[in-house]
1. Across the stretch 86-106, what is the number of residues that are more than 16 Å from CYS38 (Cα to Cα) and either polar (S, T, N, Q) or open to solvent by less than 90 Å² (accessible area, probe 1.4 Å) (or both)?
2. Can you name the number of the only condition in (1) open to solvent by 70 Å² or more (accessible area, probe 1.4 Å); (2) of a type in the set (A, V, I, L, M); (3) assigned to a strand (DSSP E or B) that ILE127 fails?
3. So LYS52 clears everything in (1) at pLDDT 95 or above; (2) within 24 Å of LYS135 (Cα to Cα); (3) of a type outside the set (Val, Ile, Thr) except one condition, right? Which one?
4. Could you grab me the full set of residues in the stretch 32-41 that are surrounded by 15 or more Cβ atoms within 10 Å (Cβ to Cβ) and in contact with a Ser or Thr (Cβ under 9 Å, 6 or more places away or on another chain)?
5. Which of the following residues is farther than 30 Å from ASN122 by Cβ and either without any contact (Cβ under 8 Å) to a residue 24 or more places away in the chain or aromatic (Phe, Trp, Tyr) (or both): ILE107, ILE48, ILE71?
6. Please specify each residue of the stretch 72-85 satisfying the condition of being open to solvent by less than 70 Å² (accessible area, probe 1.4 Å) and either closer than 15 Å to PHE23 by Cα or at pLDDT below 95 (or both).
7. Answer yes or no: is there a residue in the stretch 9-21 that is among the hydrophobic types (A, V, I, L, M, F, W, C) and under 19 Å from PHE103 (Cβ atoms).
8. If HIS66 meets every condition in (1) closer than 23 Å to VAL112 by Cβ; (2) open to solvent by 90 Å² or more (accessible area, probe 1.4 Å) apart from one, which number is that one?
Amino acid sequence: MLFITGSVYSQNQEVKNVIETFFQGFHAKDSVVMQSVCSNQLILQSVISNTKGTKLINESPKDFYHSIATIPVATLFEEKLLDYTIQVDGAMAHVWTPYEFYFNGKISHKGVNAFTLFKENNHWKIIYIIDTRKK
C-alpha cells in the first residue's frame, strides 16, 4: 500500500512540476521555458464571462507565446494559483487550478485553469489548456 501511495504522490508531483515550470516561464515572460513543457500540438481555449454573456475563445500557440514574450518590461502581472487538483490515469493527467490574476498589483480577474497532459517518452507535456475568466 505504501508503494502505491508513494507512486501516486510521485506521479502527481511530476505533473505539478510541469505546471509550475509553465508558470515560471509565464511570469518571467519566457516563452521558451513555457514551450519546453508544452506539446507542439497544444490547444488553447478560454471561456470569458462578462455582462454581455459568455464566449469561447480559441488561441493559437504561436500567438499566445508571442503575446507573453512581448509584454513590456514595466508591466507587472501575476497569476496566483490557489490550489491544485491532480488526476492521473496512465499516460494522461488532468490538473484543475483555481486562480486570481493580478495586473500592476490589482486583481484583474479570476477563474480556473484546466490542463490536460500526456506522458510520452517519460516526459509529461501539456497538450490542452482551457481557462475561465470572470471579472
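1. Qualifying residue count for the region: 12.
2. ILE127 satisfies all of (1) open to solvent by 70 Å² or more (accessible area, probe 1.4 Å); (2) of a type in the set (A, V, I, L, M); (3) assigned to a strand (DSSP E or B) except (1).
3. Checking LYS52 against (1) at pLDDT 95 or above; (2) within 24 Å of LYS135 (Cα to Cα); (3) of a type outside the set (Val, Ile, Thr), the one that fails is (1).
4. VAL33, MET34, VAL37
5. Unique residue meeting the criteria: ILE107.
6. Within the stretch 72-85, THR75, PHE77, GLU79, LEU81, TYR84 qualify.
7. No, the stretch 9-21 contains no residue that is among the hydrophobic types (A, V, I, L, M, F, W, C) and under 19 Å from PHE103 (Cβ atoms).
8. (1)
The values are calculated or read from the model by the stated rules, or taken from the named source; none is laboratory data. On a predicted model such as this, the values are computed, not experimentally measured, just so you know. Ideal geometry is used to build each Cβ from the backbone, glycine not excepted, and the neighbour counts take in all protein chains shown. Areas reflect the complete protein model, heavy atoms only, side chains present, ligands, DNA and RNA absent. Shrake-Rupley method; radii C 1.70, N 1.55, O 1.52, S 1.80 Å.
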